[in-house]
Amino acid sequence: GSPLPPDGFRWLHDEVRDDLWIASVSGGTDVCSCFAGAVPTLPVHIGELQAPCLGTDLQSWDPNGTPLVDEVGELVVTNPMPSMPIHFWNDPDGSRYRDSYFDTYPGVWRHGDWITVTSRGSVVIHGRSDSTLNRQGVRMGSADIYEAVERLPEIRESLVIGIEQPDGGYWMPLFVHLAPGATLDEALLNRIKQTIREQLSPRHIPDEIIEVPGIPHTLTGKRIEVPVKRLLQGTPLDKAVNPGSIDNLDLLAFYEDLARKRA
């Protein structure tokens, strides 16, 4: 249909009926429920979920564990809620369970989303804060992409990022550091896409495959997915990453420049 006018929400509301309740919710398959949702007695604001759900101690925290209001932070649940997993299958010592949700804030559930809790008590969901790839509602870990792609002899190392766009879209680039003598030509591009399609998922074929001079790591050798994601979302370098924790800070200039060009 035609795009909504600048006051499109009011126009839509008036066109349907005055007492229509337009509601949205956000949760996760992990908890089989919602963190924030709709309240029939509260006003509806564009782009906001009306309130945390009943029984959910939902907060937004900064990296130090300080609650935030009207600022973007990590979605955390600070007390048990009615529907939450208590363990994983085939995880007898609970290590995978703790690493998945409690590694950042001990004893506090970190879901892996950026949110804003507003001063009016509503909630805005901004997208993933971790490296999970949520493509058309299907989640996949980045490690699965690496395992498949890096079997190709031309690929020395790779980095995949999933980035939520302001217009509701989702951009998923795959950065590849090529082996000596390799060329990112049409044949190699097709082989990379075919590998992901056949071994993993047609939904997780990258939107772009971009050659890079190298993949940045932490000093312990872990690929820094989240800081690169923040750079590509427009976060300044000094706020996106701790420079003292990176093995080659110069490599981040490439990603920072790419973010600038895309903006």
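Bear in mind these aren't lab numbers, they're just calculated from the coordinates by the rules spelled out. Computed from a prediction, not measured in an experiment: that's the story for all the values here. Note that each Cβ is placed from the backbone with ideal geometry, even for glycine, and that neighbours are counted across all protein chains shown.
Within a straight-line Cα-Cα reach of under 26 Å, Lys193 can be paired with the following lysines, leaving aside sequence neighbours fewer than 8 residues apart in one chain: Lys222, Lys229, Lys261. Sorting Lys229, Lys222 by the number of Cβ atoms found within 10 Å of their own Cβ, with the fewest placed first, yields Lys222, Lys229. The ranking of His217, His111, His87 by Cβ neighbour count inside 10 Å, starting from the fewest, reads His87, His217, His111. For the pair the range 95-146 and the range 183-227, the centres of their Cα atoms are 22 angstrom apart. Only the Cβ atoms of Lys and Arg (+1) and of Asp and Glu (-1) were treated as charged; on that basis the dipole of the chain about its Cα centre amounts to roughly 260 debye. Among DSSP beta bridges whose residues both lie in the chain, state the antiparallel percentage, nearest 5. About 90 percent, rounded to the nearest 5. Once the Cα atoms are used to define both axes, helix 252-262 deviates from the longest principal axis of the chain by about 60 degrees. Here Trp114, Trp171, Trp21 are placed in order of increasing Cβ neighbour count within 10 Å, fewest first, which gives Trp21, Trp171, Trp114.
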